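Engineer: Below are the structure tokens for one structure; questions will follow.
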Amino acid sequence: MNITGQCHCGAISFTALIDPTKIVACHCADCQTFSGAPYRAVVFAVAENFHMTGTAKHYVKTAASGNPRAQGFCGNCGTQLYATEPETPKLYGIRLGCVNERVQLAPTIQIWGNSAMPWLKNQQNVPHHQTGVTSPLI
């Protein structure tokens, strides 16, 4: 499947060829911290199938595996775009939140379940609003 995406401000955009049957929801503590959410959804593209306009900034962290991972993000708006190998990228873990076709790409596997928020499985019982709320939440 061909996908497109961009950062929030539009300074960086990309196209990629991906396998839509391999979408990962990662519950690791790093993904929670980086995304500011209880998990992060990721789709993968080999380097030859990932094309970007604009220049991402990188923050290199050491993954739980011990491998260094470059976190690519927009230096203007801060949108998290991908993770890859810092020296010679072979595979890009594209952040689903910046993919235009994300509604079609439901996770097919969850990883780092030992870090998952236990309340996620109960979200279907939480009130759902189609848009924002009109009264303050506090």
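Engineer: Looking only at residues that are out of contact with any Asp or Glu (no Cβ under 9 Å at 6 or more places or on another chain) and under 18 Å from Trp112 (Cβ atoms) in the range 41-70, which one is surrounded by the most Cβ atoms within 10 Å (Cβ to Cβ)?
Structural biologist: Val42
Engineer: Does any residue of the range 83-90 turn out to be outside any strand (DSSP E or B), of a type in the set (Asp, Glu) and modelled with pLDDT under 95? Give the derivation first.
Structural biologist: Narrowing the range 83-90 to residues outside any strand (DSSP E or B): 85-90.
Cutting the leftovers down to of a type in the set (Asp, Glu) gives us 85, 87.
Right, trim to modelled with pLDDT under 95 and you get 87.
Yes - at least one qualifying residue is present in the range 83-90.
Engineer: Among the residues of the range 113-123, are any basic (Lys, Arg) and surrounded by 10 or more Cβ atoms within 10 Å (Cβ to Cβ)?
Structural biologist: no
Engineer: For Phe73, which of the numbered conditions (1) modelled with pLDDT of 95 or more; (2) farther than 23 Å from Gly10 by Cα fails to hold?
Structural biologist: Of (1) modelled with pLDDT of 95 or more; (2) farther than 23 Å from Gly10 by Cα, only one is false for Phe73: (2).
Engineer: With the requirement that a residue be of a type outside the set (A, V, I, L, M, F, W, C), exposed (fewer than 13 other Cβ atoms within 10 Å of the Cβ) and closer than 19 Å to Thr79 by Cβ, what does the range 17-38 give you?
Structural biologist: Those that are of a type outside the set (A, V, I, L, M, F, W, C), exposed (fewer than 13 other Cβ atoms within 10 Å of the Cβ) and closer than 19 Å to Thr79 by Cβ: Thr33, Gly36.
Engineer: Has the range 72-81 got any residue that is of a type in the set (Val, Ile, Thr) and more than 26 Å from Gln6 (Cβ to Cβ)?
Structural biologist: No, the range 72-81 has no match at all.
Engineer: Also: With respect to Thr15, is the statement that it is more than 23 Å from Met117 (Cα to Cα), hydroxyl-bearing (Ser, Thr, Tyr), at pLDDT 95 or above and part of a strand (DSSP E or B) true?
Structural biologist: Yes, satisfied.
Engineer: Just name the residue that is farthest from Arg40 (Cα to Cα) out of those in the range 56-82 that are among the hydroxyl-bearing types (Ser, Thr, Tyr) and in a loop (DSSP other than H, G, I, E, B). Reasoning before the result, please.
Structural biologist: Going residue by residue through the range 56-82, those that are among the hydroxyl-bearing types (Ser, Thr, Tyr) are 59, 62, 65, 79, 82.
Checking the rest, the ones that are also in a loop (DSSP other than H, G, I, E, B) come to 65, 79.
Values: Ser65: 18, Thr79: 13 Å.
Filtering the range 56-82 for residues that are among the hydroxyl-bearing types (Ser, Thr, Tyr) and in a loop (DSSP other than H, G, I, E, B), the one farthest from Arg40 (Cα to Cα) comes out as Ser65.
Engineer: Hey, another quick one. Looking only at residues in the range 65-79 that are of a type outside the set (A, V, I, L, M, F, W, C) and in contact with a strand residue (DSSP E or B) (Cβ under 7 Å, 6 or more places away or on another chain), which one is nearest to Met52 (Cα to Cα)?
Structural biologist: Gly72
Engineer: Continuing with the same structure: If you take the residues of the range 80-109 that are free of Cβ contacts under 8 Å to residues at least 60 places away in the same chain and polar (S, T, N, Q), which of them is nearest to Thr55 (Cα to Cα)?
Structural biologist: Checking each candidate, the answer is Gln80.
Engineer: Ok, one more. List every residue pair whose Cβ atoms lie under 9 Å apart, where the two residues are 6 or more positions apart in sequence or sit on different chains, the first residue falls within the range 17-28 and is farther than 15 Å from Ala83 by Cβ, and the second residue, located anywhere, is among the charged types (D, E, K, R).
Structural biologist: Qualifying pairs under 9 Å: Leu17/Glu48; Pro20/Glu101; His27/Arg40.
Engineer: Do we have any residue at all in the range 92-104 that's modelled with pLDDT of 95 or more, outside any loop (DSSP other than H, G, I, E, B), exposed (fewer than 15 other Cβ atoms within 10 Å of the Cβ) and not aromatic (Phe, Trp, Tyr)? Please lay out each step first, then the result.
Structural biologist: First pass over the range 92-104, keeping only residues modelled with pLDDT of 95 or more: 92-104.
Filter once more, keeping what is outside any loop (DSSP other than H, G, I, E, B): 92-99, 102-104.
The next check asks that each one be exposed (fewer than 15 other Cβ atoms within 10 Å of the Cβ); those that pass are 103-104.
Going one step further and asking which of them are not aromatic (Phe, Trp, Tyr), we end up with 103-104.
Yes, some residue in the range 92-104 is modelled with pLDDT of 95 or more, outside any loop (DSSP other than H, G, I, E, B), exposed (fewer than 15 other Cβ atoms within 10 Å of the Cβ) and not aromatic (Phe, Trp, Tyr).
Engineer: Another question, then. Consider only pairs whose beta carbons are under 6 Å apart and that are at least six residues apart or on different chains; among these, list those whose first residue lies in the range 1-16 and is surrounded by fewer than 16 Cβ atoms within 10 Å (Cβ to Cβ) and whose second residue is part of a loop (DSSP other than H, G, I, E, B) and not β-branched (Val, Ile, Thr).
Structural biologist: Pairs that qualify, where the first residue is surrounded by fewer than 16 Cβ atoms within 10 Å (Cβ to Cβ) and the partner is part of a loop (DSSP other than H, G, I, E, B) and not β-branched (Val, Ile, Thr), are Met1/Pro20; Thr4/Asn100; His8/Cys77; Cys9/Asn76; Cys9/Cys77.
The values are calculated or read from the model by the stated rules, or taken from the named source; none is laboratory data. These figures come from a predicted structure and were not determined experimentally. Positions of Cβ are generated from backbone atoms using ideal geometry, with glycine treated the same way; all protein chains shown enter the neighbour counts.
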